[in-house]
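A short write-up of the structure that comes next.
The values are calculated or read from the model by the stated rules, or taken from the named source; none is laboratory data. The structure displayed is predicted, hence computed values, not measured ones. Don't worry about glycine lacking a Cβ; one is built from the backbone with ideal geometry, like all the others, and counts go over all protein chains shown. Heads up: the accessible areas ignore ligands, DNA and RNA and are worked out on the full protein's heavy atoms, side chains in. Shrake-Rupley method; radii C 1.70, N 1.55, O 1.52, S 1.80 Å.
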Amino acid sequence: MSDWVDGRIPPEEQKPTVGQLVERLSEQATRLVRSEIALAKTELKDKAMHAGVGIGMLVVGAVLVLYGLGFLFAAGMEGLATVMPTWLAALIVGLVLVLVAGGLAFVGVKQLQRGVPPTPTAAVDSIKEDVETIKKGVRS
């Protein structure tokens, strides 16, 4: 092996044999694979950390939005209570919320039914058709 750090062969040494070259190749390939695996681990760890922080921030933001919506609904109820009894204002705001939630649930169920089962039926049918065409072409 070479005493030089950068892997060059000092001029006074002989040319390496095929065995030495294969040994170097094996060593360098192993080192390369290990360093690539270490890089992948580091990268995944970094991405997981960022994803975890991002998910945490989204959850906190969603909770704050829910509190904010509660205050907005309460403000709407109080605003209506200036022109009608408080119980009627609360009933109106509650009914509007239930109607909106029901509409969203209905649309959501319809969308879910369109997405289930999650198989690419058009692509599967196309592949089956391609296979049949190839079989017919082979028989001819």
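Answer yes or no: is there a residue in the range 108-122 that is modelled with pLDDT of 90 or more and open to solvent by less than 90 Å² (accessible area, probe 1.4 Å). The answer is yes; a qualifying residue exists.
Among residues of the range 68-86 that are within 15 Å of Leu97 (Cα to Cα) and assigned to a helix (DSSP H, G or I), those with a Cβ under 8 angstrom from a residue that is modelled with pLDDT under 95 and not hydrophobic (A, V, I, L, M, F, W, C), sequence gap 6+ or separate chain, pair up as Met77/Thr86.
What about Val33, is it open to solvent by less than 60 Å² (accessible area, probe 1.4 Å) and in a helix (DSSP H, G or I)?
no
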